[in-house]
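Here the structure comes first, spelled out in structure tokens, and everything after it is commentary.
The values are calculated or read from the model by the stated rules, or taken from the named source; none is laboratory data. Just so it is clear, the model here is predicted, and its values are computed rather than measured. Ideal geometry is used to build each Cβ from the backbone, glycine not excepted, and the neighbour counts take in all protein chains shown. Accessible surface areas use protein heavy atoms only, side chains included; no ligands, DNA or RNA. Shrake-Rupley method; radii C 1.70, N 1.55, O 1.52, S 1.80 Å.
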Amino acid sequence: MATEAPPVAATPGLAARIEDGRRLYGTGDNEVRALDGVTREFPAGRFTAIMGPSGSGKSTLMQCMAGLDRLTSGQTWIGDTELTALSENAITKVRRDNVGFIFQAFNLVPTLDARENIMLPLDIAGRDVDQEWFDKVTTDLRIHDRLDHRPSQLSGGQQQRVAAARAIVARPQIIFADEPTGQLDSRSSAELLQVMRGAVDEFGQTILMVTHDPGAARHADLVIFLMDGKIVDEMERPTQDAIFDRMKAMD
Amino acid sequence: MVFKQARRNLLSNKLRLFLTSLAVVLGVGFVTGSIVLADTINKSFSNIFNVENSQSAVQVRGKAVVSESDRKPVPADVLEKVRRVPGVRAAEGTILGQAQVVDAEGKAVGGGGAPTMGFNWYDGPTNPMQMVEGNPPRENNEVVLDTETAKKAGVPVGGEVTVVTDVGPAKYRLSGTAKFGKTGQAGGATLAFFTLDTAKRVFTSSGRFATLDVAADPGVSDTKLAADVQKVLPAGFEAVTATQANEEVANQFQSFIDIFRNVLLVFAGIALFVGAFIIFNAFQITIAQRGRQIGLLRAQGASSRQIMGSVILEALMVGIVASLLGVAFGIVVAWALQQLFNAVGADLPDQSLVITTGAIISGLIVGILVTLLSAVGPAYRSSRVSPMSALHPAPVGPTSRWRIALAIAMAVAGVAMVLWGTFGDMDTAPRSTLLALGSIILFFGAAALTQYVASPLANGIGRLFGPRGGRMPLRLGRRNAMRHPHRTAQTAAALTIGVALVTAVSIFASSLHKTFVGSIEDRLHADVVAFAQGSGGFTVAADDVVLKVPQITDVLVSRTAAFRDEKGAQWVSGVVPDRVDEVYDAGVEEGSLGDLASPDTVAVSRDRADSMNLKVGSMLPMTFASTGEKPRRVVAIFKDSTFGNYFMSNEQIDANSTQLRNQGIFAKAAPGVSPDEAKEAVKKALASFPSVEVYTRQGYIDLIGNQVNQLLAMFYLLLAMAIFIAVFGIILTLALSVFERTREIGLLRAVGLSRRGTRAMIRWEAVIVALIGALVGLVVGTFLGVVAVKAFPDLTAIGIPWLSMIAFVIVAALFGVLAAILPARRAAKLNVLEAIASE
Ligand SMILES: Nc1ncnc2c1ncn2[C@@H]1O[C@H](COP(=O)(O)OP(=O)(O)OP(=O)(O)O)[C@@H](O)[C@H]1O
Ligand SMILES: [Mg+2]
């Protein structure tokens, strides 16, 4: 199974990287610079939050780095693999083997039950699951007794936790989460963030999370601020209030 | 508001519009095509019967005591009497016989279904022929052929041509060519004209005429003349106006064309029925997909009637546009069918397509009605969508008990109606209505029941391909097929219909094959058999030749004649009483075929004997055209009806029939001669009778098998359209599902399902749906096929074509793969980001 996966983790300490990334939409007067020359390294084993006003390019940054979208110019890497040089098929493989996702909504395949949804990336790749790890993650996320349920039988918070479990159980090189708590109540989002935090602390999982919520960003090791497609600021282990103030300043 | 909504919905998904329309277009095309083709054939033949250059006013003929085509010939002295009737300008008698024209290579010209006819030539106003080149036959060794036949035979005027008549082959000088009626076409028939003397000599009519044609003096009306001529006729003959006679022929032909057209229409109806399933399904799915949107409209105050109206209107628009296209396509279908029938040797006369307003209007009405009817259910459903669905898309409700009960009731009612229609005692019209209705209800019931087994079936089939769930795409495909059982069932149902009919037909054919080949293998002891191409039989002149072949013994030349008994017009086959048992075991149960040597005797099959309550020694009244009614003693009752239900001695047949024709030759190889040698010897001896085909016993068995297969192939072809449409139905459902699952597919792609895996997932779903359709179709088809076989007492064996049935399943799976190509490509091409972002 290891033979299938591209040799991604060769450089220790670096999970992903973007170099002078630009992503333009439209042309002429309608041109929008969603990403306007972003360069950044994301060290492994850290929980990074990306914040910024609506339309600042957060989702675009994440999608380009995750191999869901392509840069107009510039380069991105997952580990040592330069995605910008790969074919669609190869990128799919990288996503399958090295990347985990948690989206804001609609994270689960409705025909599969929770267990199958969690196993989906592993099953697609034909990889075996680490059963102990699986049990631990699903227990921590309090979904171990919901594994046989279909998504339609789960609450919104449970669905997000199943999605998180899917990302975490596969132990990808990096997890991208785009407003994963956007549709959750405060208790559910706190639980989800706790588990993400735990994965970083206990297993050195790398997570990149977009959020609007300073309360969520507070759980991150580092908060990066984006505006008009550029990184404008960053904060190490910030307090909620500090983030709040910074956001205020940007508006 | 309603109209705008309907139009916007229509255009919102062009693929759906295209595929639903296609189902209507194909169905309507087939319907219109059938009507146009029938009209065209009709027109071309009515041109032929429209004999404008004949001035014949009245026709004299024997009364139709047996059938329209088998009448008592008119004796020569009647012609003299008719000529003396005041008002008769001219009267001529037509001698009619079979004349096979042979080309330079010794091959038969024409034939193969179309008649090969010989006449006496006469001059005068009643002759429907027009000389084209050369002169009418004046010498007894001269002949005139129709231009087409002369061309096919490759003889120039003045050249020599061989014609086989009742006295055998002879060479004639082609004195000229002529054309028939206005168009010169005779529907593939070959026409040969001799002098009166020659005609009398070469045809077994003993100088009697088939008909007399009478022309009127100026000022004498046809009806008046007919009445006057009637007065001088002996009993058993009638004088009718030529117009009436022509109309009768045309009507007879018309009823044949009607049968042909109705058969085509049945298949067109099947195609349309399948199309209706697809339209229904398409509307059902889109309304489910639009649940939210409809809920929103309702929440904003749209009434349920407005919602229903917009769906109906949408269907109406689809129906009108697609039916218009369908009618246009129908013309193409008619043309293609015309070419197809010609390619298999039907030799339809040249005629540009006849497109009547009736055909166009029928196509339009049928198409629009079917579309509307298919949309009524979904439209009603849409009107039931509550305003709440804007907030919570309603989950598929649990299946209520009475729905299952209804499905079972429909299936049972369908089965009962089919059984009743098959075995009940009734007329053709109510019987066919009952059968058609029963089959339709049965299909609806089967489709409705499929809903409840679709999930377990999909599960089972999916697991067959991957024992422990298989790889991810298979697993996802299986789950998708299980996801909306009613949708899966309806999609599969379209294919079910096709597979069921194909299965039924192949069971029927296989039983036909088994029965006939089986009884021939068991009962035919002849080593050599000979038959003519087509149904016209062949000349009795062949007898002498065959009887002299030393390589064969126990030669039985079988004659045939038409007669009428209480059951209607029948055929009796002639045998040589003391020889028949040597070559053919009829399975005599009572009496003996040897007793047929006594005068006025007949042997009857068990089936007929039972239905007419006959035993050995009973008297059976039989009416022949030339000799009238006479009771005949039943001397034997036999089981096997392969070669007919009635046997008489050849002598008896010769004494009673209007035209002596041979039906077949049966013989054993002489001691020490192999069947092949015997066959070759007979073939060589009959070389100058090119319409006769000689077979060994095995060759004959193979021939029957091939004929059954050809029949089967034709049915397959006619059902192909229905299956074709069903495949479109699968494409449509898949495409709609892909559209519906855009986000889900995006998600799968995001977490690493490759494009290839995505395609495989869709493909598996299609294969599973197709297999469900095929399996249910096999079950329904086996039922229908077995019932159909049971309906024919002549079919004594039931053949279940296992190999074909397995092949159907495989082909169905392949159709699934085929149907998945486009939707799968669409799914694989989805832009992951947009898919995830889509609402
Ligand atoms: N497909 C697209 N076509 C054109 N412009 C786009 C497209 N997608 C994004 N944009 C533009 O790119 C810019 C960045 O968008 P992006 O979705 O990254 O913002 P975001 O920071 O995630 O905002 P939000 O917080 O609202 O999610 C926006 O101005 C947006 O309008
Ligand atoms: Mg965003």
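For the reader, a short list of remarks on this structure follows.
- For segment B:601-630, the tally of residues that are more than 17 Å from residue B:573 (Cβ to Cβ), open to solvent by 40 Å² or more (accessible area, probe 1.4 Å) and not hydrophobic (A, V, I, L, M, F, W, C) stands at 9.
- Put simply, of B:582, B:590 the only residue that is surrounded by fewer than 22 Cβ atoms within 10 Å (Cβ to Cβ) and at pLDDT below 90 is B:582.
- When residue B:730 is tested against (1) open to solvent by less than 50 Å² (accessible area, probe 1.4 Å); (2) under 28 Å from the mean Cα position of the chain (by Cα); (3) not assigned by TED's automatic domain parsing to the domain that holds residue B:563, just one condition goes unmet, and that condition is (2).
- Within segment B:410-435, considering residues that are modelled with pLDDT under 85 and among the aliphatic types (A, V, I, L, M), the one most open to solvent (accessible area, probe 1.4 Å): B:429
- When segment B:458-501 is filtered for residues that are in a helix (DSSP H, G or I), within 14 Å of another protein chain (Cβ to nearest Cβ) and farther than 17 Å from residue B:763 by Cα, only B:485 remains.
- Within segment B:829-838, tally of residues that are assigned to a helix (DSSP H, G or I) and open to solvent by less than 40 Å² (accessible area, probe 1.4 Å): 4
- Just one of the numbered conditions (1) at pLDDT 90 or above; (2) closer than 19 Å to residue B:91 by Cα; (3) not basic (Lys, Arg) is not true of residue B:210: (1).
- Any hit, segment A:172-181, residues being open to solvent by 10 Å² or more (accessible area, probe 1.4 Å) and at positive phi: yes
- Qualifying positions in segment A:112-141 - facing chain B (nearest Cβ under 8 Å) and either among the aromatic types (Phe, Trp, Tyr) or touching a residue at least 24 places away in the same chain (Cβ under 8 Å) (or both): A:112, A:120, A:121, A:124, A:125, A:126
- Condition check for residue A:97 on (1) more than 30 Å from residue A:240 (Cα to Cα); (2) away from ligand 1 (no atom under 12 Å from the Cβ); (3) open to solvent by 20 Å² or more (accessible area, probe 1.4 Å); (4) of a type in the set (Asp, Glu): one failure, at (3).
- Among (1) open to solvent by 10 Å² or more (accessible area, probe 1.4 Å); (2) within 16 Å of ligand 2 (Cβ to nearest atom); (3) over 21 Å from residue A:94 (Cα atoms), the one test that residue A:59 misses: (3)
- Residues in segment A:27-47 that are away from ligand 2 (no atom under 13 Å from the Cβ), open to solvent by less than 10 Å² (accessible area, probe 1.4 Å) and either over 21 Å from residue A:97 (Cα atoms) or among the aliphatic types (A, V, I, L, M) (or both): A:38 alone.
- Odd one out for residue B:455, checked against (1) within 12 Å of chain A (Cβ to nearest Cβ); (2) crowded, with 20+ Cβ neighbours inside 10 Å: (2)
- Filtered residues of segment B:74-114 (kept if closer than 18 Å to residue B:203 by Cβ, in contact with a Gly (Cβ under 6 Å, 6 or more places away or on another chain) and outside any strand (DSSP E or B)): B:76, B:79, B:99, B:111
- Selection of first residues in segment A:214-230 that are open to solvent by 10 Å² or more (accessible area, probe 1.4 Å) and of second residues that are within 11 Å of ligand 1 (Cβ to nearest atom) and part of a strand (DSSP E or B), restricted to Cβ pairs under 6 Å at least 6 apart or on distinct chains, gives the following pairs, ordered by first then second residue: A:230/A:36.
- Of all residues making up segment B:115-139, the number that are part of a loop (DSSP other than H, G, I, E, B) and either within 33 Å of the chain's Cα centre (by Cα) or not small (Gly, Ala, Ser) (or both): 13
- Residue within segment A:108-129 that is in contact with a helix residue (DSSP H, G or I) (Cβ under 9 Å, 6 or more places away or on another chain), more than 16 Å from ligand 1 (Cβ to nearest atom), open to solvent by 40 Å² or more (accessible area, probe 1.4 Å) and at pLDDT 90 or above present: yes
- Filtered by the rule that a residue be in a strand (DSSP E or B), within 16 Å of ligand 2 (Cβ to nearest atom) and at the interface with chain B (Cβ under 9 Å from one of its Cβ atoms), segment A:76-111 gives a lone residue, A:101.
- Checked against the criterion of being away from chain A (no Cβ under 14 Å) and not hydrophobic (A, V, I, L, M, F, W, C), segment B:755-770 contains one or more residues that satisfy it.
- Hey, residue B:259 free of Cβ contacts under 8 Å to residues at least 60 places away in the same chain, in a helix (DSSP H, G or I) and open to solvent by 20 Å² or more (accessible area, probe 1.4 Å) or not: yes
- Scope segment B:631-651; condition open to solvent by less than 20 Å² (accessible area, probe 1.4 Å) and either modelled with pLDDT of 90 or more or in a helix (DSSP H, G or I) (or both); matching residues: B:632, B:634, B:635, B:636, B:637, B:638, B:646, B:647, B:648, B:649, B:650
Here's the yes/no breakdown for (1) within 32 Å of the chain's Cα centre (by Cα); (2) within 16 Å of ligand 1 (Cβ to nearest atom); (3) within 30 Å of residue A:175 (Cα to Cα); (4) open to solvent by 10 Å² or more (accessible area, probe 1.4 Å):
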{"residue": "B:746", "(1), (2), (3), (4)": "no, yes, yes, no"}
{"residue": "B:752", "(1), (2), (3), (4)": "no, no, yes, no"}
{"residue": "B:783", "(1), (2), (3), (4)": "yes, no, no, yes"}
{"residue": "B:788", "(1), (2), (3), (4)": "yes, no, no, yes"}
{"residue": "B:806", "(1), (2), (3), (4)": "yes, no, no, yes"}
{"residue": "B:827", "(1), (2), (3), (4)": "no, no, yes, no"}
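- Some residue of segment A:201-208 being within 26 Å of residue A:55 (Cβ to Cβ) and either modelled with pLDDT under 90 or within 16 Å of ligand 2 (Cβ to nearest atom) (or both): yes
- Looking only at residues in segment A:62-73 that are within 15 Å of ligand 1 (Cβ to nearest atom) and open to solvent by 30 Å² or more (accessible area, probe 1.4 Å), the one that is nearest to the other protein chains (Cβ to nearest Cβ) is A:63.
- Odd one out for residue A:51 among (1) within 16 Å of ligand 2 (Cβ to nearest atom); (2) within 11 Å of another protein chain (Cβ to nearest Cβ): (2)
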